[in-house]
Amino acid sequence: MTQPSSQNSIDLEIFDSAILQAQLAEGGNRIELFRKAIEKANGVFDTRYKNGADITRLVRDRARFTDQLLRIAWQQFPWPDEHNISLVAVGGYGRGELHPHSDIDLLILTRSNRIDKYKSSIQSFLTLLWDINLEIGQSVRSLKQCKQEAIKDITVATALMESRTIAGDEQLPSDMESLTMGKRVWPIKKFLRAKWDEQIDRHNKYLNVDYALEPNLKTSPGGLRDIQTIVWVAKRQFGAKNFTDLVKLGFLKPSEQILLDEGQSFLWKLRYGLHILAGRREDRLLFDKQRDLASLLGYKDDNKALAVEKLMQQYYQVVANLRELNDVLLQHLDEAILRAGEKEKISQINNRFQIRNDYIEVKTPTVFQYFPFALLEIFVLMAQNPEIQGVRASTIRLIRENRELIDASFRKDIRNTSLFMELLRSPYMLTLQLKRMARYGILERYLPEFEQITGQMQHDLFHIYTVDAHTLQVVENMRRFLLKDAATNFPVAAHVAKNLPKIELLYIAGLYHDIAKGRGGDHSTLGMADAEAFCQRHHLSNWDTNLVTWLVNKHLFMSMTAQRKDISDPEVIHEFALVVADKLHLDYLYAMTVADICATNPSLWNSWRASLLRQLYLSTKRALRLGLENPADRAERIKDKQQSAIPKLRDKGMSETVINEIWANTAEEYFVRESTANIVWHTESIHAHSEEGPLIKVKDTADNSVEGGTQIFIYMPNTHFLFANATAAFEKLDLNIQNARIFTSSNNYCMDTFTVLENNGKTVGNNSQRINQIKEVLLDYLQHEKSYVKPVSRTTPRKMKSFSQHVEAEIINTSDKPYSTLEINCPDQPGILACLGKIFADNDITLLDARITTLGERVEDLFFITDSQNNPLTDDEQIVRLKTDIKTQLAQHAAS
């Protein structure tokens, strides 16, 4: 228990208590005097922070200043029977830590439950604190009430453990500590279990990852609360007050204390800066504050990384280290407290390792020194024995202490390369072992190139994980394809993965596909060299090496083809198949692509992307099976589609004469680009449509929610603002457009098919109420044939506002295409497609097809367009005008 004394004094530049007391004695305005003292101190603290003052000193000095201020405030009021009442600091403030806008947690402690004689003074005292704008959290309790509340609520018990006397009787808080720290109030086993469960629940809120895009400095895994959890339990068990006490007790090693001190100081520095920037208590590293904080702390952009990315990489590395240490210490406490007295069950594995009560440990402390290869062997053993629950704390410490043994000669040793390949071929929990290796610092020692991506992030909403976390998630996804239930969510990937001849080659490609990120240049190309070096060091054959390096180089090829090209075009399939070359490469690349997309951002994997990749995979597989001859010519493709559709339409009661009448005015391009199933659906729907006004039909493209989308077919006389108003209607309906196929017949009828998903990434399904709503809204918007319906106004999400509003527009013409390709890269904002539709109408642009792709906070859309004469855009003035309109109007739209 810290008592008020001269050691709590602070330098006079911050606060001169004698001056304030003299001014109060002279009858000065009490509230104004206190406020001025606070304002002056805050100014000094802020200046010192910005000038790089020691953060620990700042946090402690702020608490000391508050101590003195509260003591003077306490003295302004009469306290009858003053030996039976105390003002006590609790919680974080009780630890002597205070950030600019942290709560000042106070306990007014009395010996008796009867506080009538203090009520007036307590009320006046608290009112003064509120009037001078102190952010206090207060409670008034007697000794008995403290014990009662501590028994009921572990949060209260924890706060009372960290208490200091600010004013009043000094014996009372000591009595309280005796009452609330006794064995009957949260016995140590119960206390540790409760605190550990608290941490588990806290981590689960962040999906148990320490690399969240917008982490909380206090409560995220590896945050300040994890440090405090260790201290709380150690204080309860050992009576320790700080890290130094824990070192003296042998619970902490000196090197671990340094790690804790440095980690805590770094997190304090971030938290202090956040409070200054926000002007209030703020513990979340939000996007809009990350850049400002990086600037405040002096980080600079360079050609390899943004300042904010450097800040966040350091943050992720710090919390990873803290979480690793938290794991070790909690495991140690588990063994020393929760498992104390447990009957030991020991089974021998070999001369180096044994299992003690389901946890693996070394048989002697010198195992790693005498047998360095055991640093890899331990993870292989766990991957081969699912009964092993984890590693004993003492062994984790030995791993950390001996990891420096992994050097260049270690990495070349055939025993070690063989062990690592054995790990990749192991049957159980491979990714758990890789994550353990990463956490204990073994993976980056064995694969030095992995260290460069550890904690590396990209400041966008597309990549929601750090590169190292994403990499391990890719491997985990690959493993999931082998599970029994994988066929439900990943039917093609599950089938493909289970039939790969060497699944470990897929894992190696997964480990290396992003290994060169952050180096500058094309990471796919640069990563090939690292992957090749790994394969050669691990004695893979030339064929295996070539496959792995090819996968690293082409890991984006399949997703880009599926999302940015017309995969219903046989020429696109032919070009893709030429690169893939054989079915085995196709199988590996498909599994790689699905695992990568799902590990980049779970929201990217929706039923539409699943269906695109499935279609590309199956079409390429068929092309490879038939041989890579030139694709069928245009006339044959049209004839084949029509001949496939006619029998199906006859089965629906339509004569060939009626069918041909409907098709008579349909553009040839429609039969080239539309599927046979859609041709049948459209033709039947047009034939059955007898009402006046637009025909609108809605259906899902698949019988399940795992793949496909909802297609909305619109058939009506073409109008100038049709695309603009249709997309505005989808915006109102909160439907996300994935694809758009636009056709205009020779009699000027539109035959447009939009593929959409609900905002949750799912199809509309057979929800008749929702389908009727879609039809009603579309009919309402499409009746405006000669005017533009402005999209509904939606608030731009907070996260989006933190990113660049830059708009890029490029028009590409190729000699073999009868259209121009418009590529747009801009911020993802509500109403963008409707805005583009208006721009197309204003510039007499005909839209043939569209590829809509949202990548985090930005969209990368492709539009296939012609001029009013159905020719590619070749007039330079028209191209410049269109690009200018797009850039100007989309930028204005984003800013509105």
On a 0 to 90 degree scale, rounded to 10, what angle separates helix 607-626 from the longest Cα axis of the chain?
50 degrees
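Taking the Cβ of Gly43 as the centre, find all other residues whose Cβ is under 13 Å away and add up their charges (Lys, Arg: +1; Asp, Glu: -1).
Values: positive: Arg35, Lys36, Lys40, Arg48, Lys50, Arg62; negative: Glu13, Glu39, Asp46.
That works out to +3.
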Table column - 3J(HN,Hα) (Hz), region 723-733, Karplus curve with 6.51, -1.76, 1.60, x for Gly and Pro:
4, 4, 6, 5, 5, 5, 5, 4, 4, 5, 7
For the peptides 65-76, 23-34, what is the packing order when you average, over each peptide's residues, the other Cβ atoms within 10 Å and list the highest mean first?
65-76, 23-34
Pull up the cross-link candidates among the lysines for Lys119, meaning alpha carbon to alpha carbon under 20 Å and not fewer than 8 places away within one chain.
Lys144
Inter-probe distance in nm under a simple model that places probes 7 Å from Cα toward Cβ, at Phe238 and Lys119
4.8 nm
Which part of region 32-57 falls in the paramagnetic zone of Asp11, meaning amide N under 17 Å from the point 7 Å along Cα-to-beta-carbon?
40-57
What does the helix-only formula give at 222 nm for the chain: each DSSP H stretch with n ≥ 4 adding -39500 (n - 2.57), the total divided by the residues, and the result rounded to the nearest 500 deg cm²/dmol?
-16500 deg cm²/dmol
Search the structure for amide H atoms under 5 Å from the amide H of Ile166, placed 1.01 Å from N in the peptide plane, and list their residues when 5 or more places away or on another chain.
Leu87, Val88, Ala89
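Which FRET efficiency, nearest 0.05, do Asp54 and Leu277 yield, Cβ-Cβ r, R0 22 Å?
The calculated FRET efficiency here is 0.65.
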Which pairs break 18 Å Cα to Cα here: Lys517/Lys554; Lys183/Lys235; Lys732/Lys786; Lys269/Lys289; Lys304/Lys517; Lys218/Lys289?
Lys732/Lys786
Count the net charge of all other residues whose Cβ sits under 13 Å from the Cβ of Met528, scoring Lys and Arg as +1 and Asp and Glu as -1.
-3
For Asp816 and Asn760, compute 0.36 nm times the residue count separating them, minus their Cα-Cα distance, and round to one decimal in nm.
16.3 nm
Using DSSP, restrict attention to beta bridges with both residues in the chain and report what percent are antiparallel, rounded to the nearest 5.
85 percent
I'd like the orientation of helix 119-131 relative to the chain: the angle between its Cα long axis and the longest Cα principal axis, in ° from 0 to 90, rounded to 10.
50 degrees
Which net charge results for the neighbourhood of Leu482, defined as the other residues with beta-carbon distances under 13 angstrom from its beta-carbon, given Lys and Arg at +1 and Asp and Glu at -1?
+2
A chain fully extended from Lys790 to Leu405 at 0.36 nm per residue, minus the present Cα-Cα distance, gains in nm 132.0 nm
Once phi is turned into ³J(HN,Hα) by the Karplus curve 6.51 cos²θ - 1.76 cosθ + 1.60 with θ = phi - 60°, what whole-Hz value does each residue of region 505-519 show in order, with x for glycine and proline?
5, 5, 5, 4, 4, x, 5, 10, 5, 10, 5, 9, 5, x, 8
For a Förster distance of 22 Å, can you work out the FRET efficiency between the beta-carbons of Arg622 and Ala667, rounded to the nearest 0.05?
0.25
Linear extension gain, Met560 paired with Leu482, 0.36 nm per residue minus alpha-carbon span:
25.5 nm
Relative frequency of Cα-Cα separations exceeding 19 Å in region 390-442, percent:
35 percent
Take the solvent-accessible surface of the protein heavy atoms, probe 1.4 Å, and return the percent of it on region 577-691 that carbon and sulfur atoms account for.
49 percent
Would you work out what percent of the accessible area of region 168-245, with all protein chains in place, is carbon or sulfur (probe 1.4 Å)?
50 percent
For the chain, dividing by residue count, accessible area per residue (probe 1.4 Å) in Å² works out to 44 Å²
Measure nothing fancy, just the Cα-based angle from helix 430-439's long axis to the longest principal axis of the chain, in degrees from 0 to 90, nearest 10.
40 degrees
In whole Hz, what ³J(HN,Hα) sequence does region 364-379 give by Karplus (6.51, -1.76, 1.60; θ = phi - 60°), x for Gly and Pro?
9, x, 9, 3, 5, 5, 7, 10, x, 4, 5, 5, 9, 4, 4, 6
Spin-label point model (7 Å from Cα, Cβ direction): what's the Thr657 to Asp522 distance in nm?
5.9 nm
Take every DSSP beta bridge with both residues inside region 68-208 and express the antiparallel ones as a percent of the total, to the nearest 5.
55 percent
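The values are calculated or read from the model by the stated rules, or taken from the named source; none is laboratory data. Computed from a predicted model, the values in this text were never measured in an experiment. As a convention, Cβ positions derive from the backbone with ideal geometry for all residues, glycine included, and neighbour counts pool all protein chains shown. The area values use the complete protein model at the heavy-atom level, side chains included, leaving out ligands, DNA and RNA. Shrake-Rupley method; radii C 1.70, N 1.55, O 1.52, S 1.80 Å.
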